[in-house]
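These notes concern the structure reproduced below.
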Amino acid sequence: MDQLPAQNRPLLSNKTFYAVFLVLVIAILGVLVIWRVISPKTQTRGADYIEGLAKEKVTIAVLDKILGLYPNIPYDVDSFSINSNIFEGLTILRNGRLQPALAESWTNPDKLTWRIRLRNVKFHSGDLLKASDVKYTIEEAKKNKDWMSNTMASRVDSVNVIDERTVELKTKNPDPTLLYWMVYLFILSEDQVKKDSLGKAVGTGPYRLVSINENEAVFEANNNYWAGIPKVKKLVYKAFKDQQAQAQGLADGEADVGLLFKKTLNETLKSKGFRIIESRLGYVGFLGFDINNKKAKYVEADKNPFSDVRVRKAMLLTLDVNEIIKNSGREGEPLTQLATSELIGFNTKLRRPEPNVKEAKKLLTEAGFPNGFTVTLDALETSELASEQIKNQLAEIGIKVKLNIFSDFNGFIDKLYAGDSSFYYFGYVSDTLDSVDLLNTLVHPTDERGNGSANFSSYSNAELDSILDKASTIFDVKERAEITTQAHKKVMDQLPLIPMSTTIGFFAVRNDVAFKPAPFGYIFGFELSGRQKASSTAQ
C-alpha cells in the first residue's frame, strides 16, 4: 500500500493569465485521468473481452452461514465483504488499495490529531452524514465489545466535532496507520439508529439491503451512491455448507463468483464457463505455544518445553512446510516470517532454514528433552490434514503429538482466548497492508490501543515491544518499514510463533462477470461488472 498522505488542498497561485490557464488545463487532464481510473462507468477492453458493463444480477458463493449485519457480527472476511455493500468507513478498500470514502480529505495538525473533512453524502435513510455521526459511532463502538469495530474504535482516544462536516480524531499516541483501520469502522446515522433501532441500521454504501438470513443476503444497487451507480443491479450472497458444495453450486449455475482453496475443484468449472484466477490471500498460518507457564497444561513433561527457545527452533528445523502444503489439500507457499511479501515492512533478507532433523535433535537434547515429549495440538477441522503432517514430522525428533480437532470455530477461538492451549495451529489475515499492524496483533502485549488482540500466549519481549512501539509512531512509510524489518528479524530469532505458510486461493469467476482479486480475499459488489467478448470491430 502506498503511503497514506496527510491531504491538503492548497490555494491556486494567481500570477498571470497564462499560468492560471496552464494549471487549469493540467488539473482538468488530471481529473479526467482519475475519473477514468475510479469511475464505475468506465469500460475497459482486454485482448478479447470488454469489462465495466452493466449487469442485471451476480450471485457470490460464500461458505457456511451468513452471520448477520453490522455492528454485531464477527470480524471475518465474508462478514466484512457482505456488510461493506451497505456500510462504509471513513476510508475504503478499492481494488486492494486504500481510498477516501466518507472522509473526503484529511490533515494532521499534529501527530496526535486527524482532522477529517466529511463527504457530503446521505445514508440510505435519507439522513445527511454529519460529524456527530462519526463521534456517535466511534464512542458506541468503544463501549460495545461485541461490535466488529470495537478494536478499531479503541485506537481513538476522543472525537471532537468541529462543524457539521469536520471532525477531529485524537489519539493518545501517534498512530500513522489509523485510517487503514477506519476501513473496518462503519459509520452509522445516530438519528436513524435511535429512531429505527440498531438492528435496522443503514449505511451510505453502494447497495441497499433487500433481505438477509443465514442462507442468503440480497441487495439492490444504490442509485444515489456518491461514487456512481454500481454496475451490478442485483447482488446476492449465497451460503454453501462446504467447499465441495460451493464448487457444485457454481457449476450448477447457483452462483457466479466464489473463492476456492482446492485446486482439484477447478477443472470442472473451467468447462462450465468459468475462468480461474489464482491469488495470494494475505493469510499467515503459524504454530503457537504456551510460553509463559512453568508447566504447560497439555504437555506430558516435568517442565514446559516451549518456554525454551531451543525447543521452538528444533521444531522449526524439523518441519518441512513444502511437504505439509503438498499433502494438505490446499495450495500455498512457505513463510519466512509473520508476513506475506505484499506487506509493508516485509524483511526480504530473512530465509526459512532447510529442514535439519539432526540439528533439531541436538537442540532438543540441549534443552533437556533428549527423548522428546508428548503434547496436544489444537487445530480447526479445515487444517486437519496439515495437522496430521505436523504430527508425523515432529515424531521424527521424539515429539509425540495428539490432535484435538475442532469443527466449531467459536469453540476453538474461545479456547485460545481463554489461554487454554499449550500448542495450536492457527492463521490470521492481516488487517492492513502494513505488517507492523500484524505484528502488533500477534506478538505485542495487549494494551488500550488494541494491540495484542490475537496474542493468545500473552507473549512479551521488551526489545521487540520497543521496536514495535517505535515503528507504530512513524508517519514516514519508508522509515516505518525499515524499523519493522528489524521486528521481523527479532521474531524469527525468538520464535514466539513459528510461521508456516500462506494460502493461495482460486477465484472462480463466470466468464460474463468482470472481477480482479486483491489481497485479503474480499469480494465487493462495487468491484463487479458485466463482461462480454469483444467484437472484431470494437474500438
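Readers should treat all values here as calculations from the given coordinates under stated rules, not as data from a laboratory. If you're wondering where the values come from, they're calculated on a predicted model, not measured in any experiment. Cβ placement follows ideal geometry from the backbone for every residue including glycine, while neighbour counts extend to all protein chains displayed.
The order of the peptides 461-467, 526-532 by mean Cβ neighbours within 10 Å, most packed first, is 526-532, 461-467. Normalised by the number of residues in the chain, the average gap of Cα pairs under 8 Å and 6 or more apart makes the relative contact order 20 percent. Take every DSSP beta bridge whose two residues both sit in the chain; close to 75 percent of them are antiparallel.
Rounded to the nearest Hz, the phi-derived 3J(HN,Hα) couplings of the stretch 120-127 under the Karplus curve 6.51 cos²θ - 1.76 cosθ + 1.60 (θ = phi - 60°) are 7, 10, 10, 6, 4, 6, x, 5, where x marks glycine and proline.
Relative to the present Cα-Cα distance, how much length would full extension add between D163 and N371 at 0.36 nm per residue of separation?
Values: separation 208, 0.36 × 208 = 74.88 nm, distance 6.91 nm.
Between D163 and N371, full extension yields an extra 68.0 nm.
Binning all Cα-Cα separations of the stretch 276-414 at 5 Å, short to long from zero, yields these whole-percent fractions: 2, 9, 16, 21, 20, 17, 10, 4, 1, 0, 0. Each 5 Å bin from 0 upward holds the following percent of the Cα-Cα pairs of the stretch 415-539: 2, 9, 15, 17, 14, 11, 9, 7, 6, 4, 3, 2, 1, 0. When the Cα positions of L188, L198, W147 are compared along the charge dipole of the stretch 87-200, W147 comes out farthest toward the positive end, with charges on each C-beta of Lys, Arg, Asp and Glu.
Using only Cα coordinates, the Kirkwood hydrodynamic radius of the chain works out to 25.1 Å. At what distance in angstrom do the alpha carbon centres of the stretch 61-131 and the stretch 363-399 lie from each other? Computed from Cα coordinates, the inter-centre distance equals 42 Å. Is the shape of the stretch 282-359 rounded, prolate or oblate, going by the alpha carbon gyration tensor and its root eigenvalues a ≥ b ≥ c, with a/c under 1.5 for rounded and a/b larger than b/c for prolate? Since a/c reaches 1.5 and a/b is larger than b/c, the shape of the stretch 282-359 is classed as prolate. What is the distance in Å between the Cα centres of the stretch 289-316 and the stretch 477-524? Cα centroid of the stretch 289-316 versus Cα centroid of the stretch 477-524: 28 Å apart. Ranked by the mean number of other Cβ atoms within 10 Å per residue, highest first, peptides 484-491, 300-307 order as 484-491, 300-307.
The charge dipole of the stretch 271-422, taken about its Cα centre with unit charges on the Cβ of Lys, Arg, Asp and Glu (plus for the first two, minus for the last two), comes to roughly 380 debye.
Can you classify the stretch 87-200 as rounded, prolate or oblate using the Cα gyration tensor, where a ≥ b ≥ c are the square roots of its eigenvalues, rounded means a/c under 1.5, and otherwise it's prolate if a/b beats b/c and oblate if not? Write down the numbers at each step before the final one.
Details: a/c = 1.40, a/b = 1.29, b/c = 1.08.
Rounded.
Each peptide in 401-407, 419-425 was scored by the mean count of other Cβ atoms within 10 Å over its residues; highest first, the order is 419-425, 401-407. Taking a ≥ b ≥ c as the square roots of the Cα gyration tensor eigenvalues, with a/c under 1.5 meaning rounded and otherwise prolate when a/b beats b/c, else oblate, which class fits the stretch 377-420? Cα axes put the stretch 377-420 in the oblate bin. For the stretch 283-503, the percent of C-alpha pairs falling in each 10 Å distance bin, counted from 0 to the bin holding the largest distance, reads 8, 35, 38, 17, 2.
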